[in-house]
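Chemist: Here you go, one structure.
Read the figures in this text as sums done on the coordinates, not as results from a lab. Being a predicted model, the structure only gives us computed values, none of them experimental. Virtual Cβ from ideal backbone geometry, glycine too; neighbours counted across all protein chains shown.
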Amino acid sequence: MNRRIANKENLIRLVLLLFALSSLLFLFIIFIFILSEGVPLFLKAGVRNITMGSRWAPTKGFFGIFPMIVSSFMVTFGALVLGAPLALACSTYLSEYAGKKTGMILKPSLELLAGIPSVVYGFLGVVYLVPLIREYLGGSGFSILSTSLVLGVMILPTITSISFDALMSVPAAFREGSLAMGATKWQTVYKVVLPAARSGILASFILGMGRAIGETMAVIMVAGNALKIPTSLLDPLRTLTSNIALELAYATGDHRQALFSTGVVLLVIIMSLNLIANFWVKRRVGR
């Protein structure tokens, strides 16, 4: 009987291992495919000419994506500035102030934002946000500001959920000890709970950056897709993801390889952000 149970356990363990390895296999295949398509152009044109070049005209032999790299980081930073404080405030309220009934309503509602298709965010941005910016601030409305606002809303669920988990993992003894010393509720949250969860909160911000910098459809709809480095919040821009999505359908030859090279740069950026986030999470767990 014990042997039969042990055999079943081993079979289940083997099946789960195969599923885990299959997901890693798919990731490895995608990684190799992007590298095999994008690296040859780096060898041909040079890494510096591609990553630091300012002119994008693949059919004429110019493969510079530096303006798109800068634009991607600018809108990502803008999204963090607008979305991260709101997300942190939401997670703090849910973990420290909201009652059970309120939390049961608010937390799933916030997480539902993650399930809304990005094209819906882009559509709302085009219909409502872009005209408002055009009328009251000037410009075409398709700008860094509109893109950052849309992405700021889109990263809310990611940052809120991870920050909430980080805050909830702070031991109750920390809160009780602070309150016993005469601190108020807000003093306890501000001076004890938030610092204790700092690593997890920073990890949520970094993962939110990865979510923002990898967004495509909503960005295409509200960014304006101009091939230049923006100098104002009201200037249009084109990000790395937008560049790939807009031109891949008709690209051939070196043009196609240039788009895959853009994908390689994007992949390196997102993997770096994920590695940094994992480092901060492990650092928090290690403490």
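Chemist: May I ask you to list the chymotrypsin sites (Phe, Trp or Tyr not before Pro) in segment 151-250 that are in a DSSP loop and have at most 16 other Cβ atoms within 10 Å of their Cβ? All intermediate terms of the calculation are to be shown ahead of the outcome.
Modeler: Values: sites: PHE164, PHE174, TRP186, TYR190, PHE205, TYR250; in loops: TYR250.
Answer by residue number: TYR250.
Chemist: Over the chain, with a Gaussian network built from C-alpha contacts below 10 Å, which listed residue (VAL193, VAL130, VAL170) shows the highest mean-square fluctuation?
Modeler: Result: VAL170 has the largest fluctuation of those listed.
Chemist: Which whole-number percent is the relative contact order of the chain (Cα, under 8 Å, 6+ apart)? Write out the running numbers ahead of the final one.
Modeler: Details: 372 pairs, mean separation 75.2, N = 287.
Across the chain, relative contact order equals 26 percent.
Chemist: On a full-extension model of 0.36 nm per residue, what is the gain between LEU24 and LEU106, subtracting their alpha-carbon distance, rounded to one decimal in nm? Don't skip to the answer; put the middle values down first.
Modeler: Details: separation 82, 0.36 × 82 = 29.52 nm, distance 3.44 nm.
Separation in residues times 0.36 nm, less the Cα-Cα distance, equals 26.1 nm.
Chemist: Cross-link partners among lysines for LYS191, C-alpha distance below 28 Å, same-chain residues fewer than 8 apart left out?
Modeler: In chain and number order, the partners are LYS100, LYS101, LYS107, LYS282.
Chemist: If you place +1 on the Cβ of every Lys and Arg and -1 on the Cβ of every Asp and Glu, how big does the dipole about the Cα centre of the chain come out, in debye to the nearest 20? Display every interim value, and only then the final one.
Modeler: On the way: 24 positive and 11 negative charges, 174 e Å.
The calculation lands at about 840 debye.
Chemist: Next up: Using the Kyte-Doolittle scale, which helices in the chain average at least -1.0 and also have C-alpha atoms spread 24 Å or more along the helix axis, with helices defined as whole DSSP H runs?
Modeler: Span-like helices, by this rule, are 2-45, 66-92, 253-286.
Chemist: Expressed as a whole number of Å, what is the distance separating the alpha-carbon centroids of segment 223-265 and segment 16-58?
Modeler: Computed from Cα coordinates, the inter-centre distance equals 16 Å.
Chemist: Within 10 Å, count the other beta carbons around each residue, average over each peptide in 260-271, 16-27, 47-58, 63-74, and list them highest first.
Modeler: On the way: 260-271: 19.2, 16-27: 9.9, 47-58: 16.0, 63-74: 21.8.
Final packing ranking: 63-74, 260-271, 47-58, 16-27.
Chemist: Quick one: which residues, 5 or more positions from LEU237 or on another chain, have an amide H under 5 Å from its amide H? H modelled 1.01 Å from N in the peptide plane, none for Pro or chain starts.
Modeler: Placed amide hydrogens put GLY224, ASN225, ALA226 under 5 Å from LEU237.
Chemist: If amide hydrogens are placed 1.01 Å from N in the peptide plane, which non-local residues have theirs closer than 5 Å to the one on ARG55?
Modeler: Residues meeting the criterion, in which the H sits 1.01 Å from N, are GLY64.
Chemist: Based on the mean of other beta carbon atoms within 10 Å per residue, what is the order of 36-42, 220-226, most packed first?
Modeler: Numbers: 36-42: 17.4, 220-226: 22.6.
Order by mean packing, descending: 220-226, 36-42.
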